[in-house]
1. Only one of (1) surrounded by 13 or more Cβ atoms within 10 Å (Cβ to Cβ); (2) assigned to a loop (DSSP other than H, G, I, E, B) is not met by Met48, so which one is it?
2. List the pairs whose first member sits in the stretch 1-16 and is part of a loop (DSSP other than H, G, I, E, B), whose second member is crowded, with 24+ Cβ neighbours inside 10 Å, and whose Cβ atoms are under 7 Å apart, counting only residues at least 6 apart or on separate chains?
3. How many residues, within the stretch 59-81, are of a type outside the set (A, V, I, L, M) and exposed (fewer than 12 other Cβ atoms within 10 Å of the Cβ)?
4. Could you go through the stretch 28-35 and let me know if any residue there is surrounded by 11 or more Cβ atoms within 10 Å (Cβ to Cβ), on the phi > 0 side of the Ramachandran plot and touching a residue at least 40 places away in the same chain (Cβ under 8 Å).
Amino acid sequence: MDIKILGSGCRQCITLEEHARRQAAELGIEPSIATIHDPVAIAGYGVMRRPALVIDERVVVAGRVPAAEEVRSLLMAASQD
């Protein structure tokens, strides 16, 4: 699984990354996690509001920090695809 956090590196971005790492670990998923700060690269995903969570090259959340439980659900759904 490939996870990307798109954002400026702000506190919200850090929180989103923490949620993703923690929930993946609890689910036993060993993803590749990257943070993308480059505005041009972020725009390439069609994201206008940050932070954003990308799982396997699909934007699943943008413009907000989802609760840890929502991140868990998104990871579970992506792992079943």
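1. (1)
2. Cβ pairs passing all conditions: Gly7/Pro51.
3. Of all residues in the stretch 59-81, those of a type outside the set (A, V, I, L, M) come to 63-64, 66, 69-70, 72-73, 79-81.
When the remaining residues are screened for being exposed (fewer than 12 other Cβ atoms within 10 Å of the Cβ), the result is 63, 69, 80-81.
Qualifying residue count for the region: 4.
4. No, the stretch 28-35 contains no residue that is surrounded by 11 or more Cβ atoms within 10 Å (Cβ to Cβ), on the phi > 0 side of the Ramachandran plot and touching a residue at least 40 places away in the same chain (Cβ under 8 Å).
Laboratory data are not the source of any read-out in this text; all were calculated from the coordinates shown. This one's a predicted model, so the numbers in the text were calculated from it and none came from an experiment. Glycine also receives a Cβ, built like all others from the backbone with ideal geometry; neighbour counts cover every protein chain displayed.
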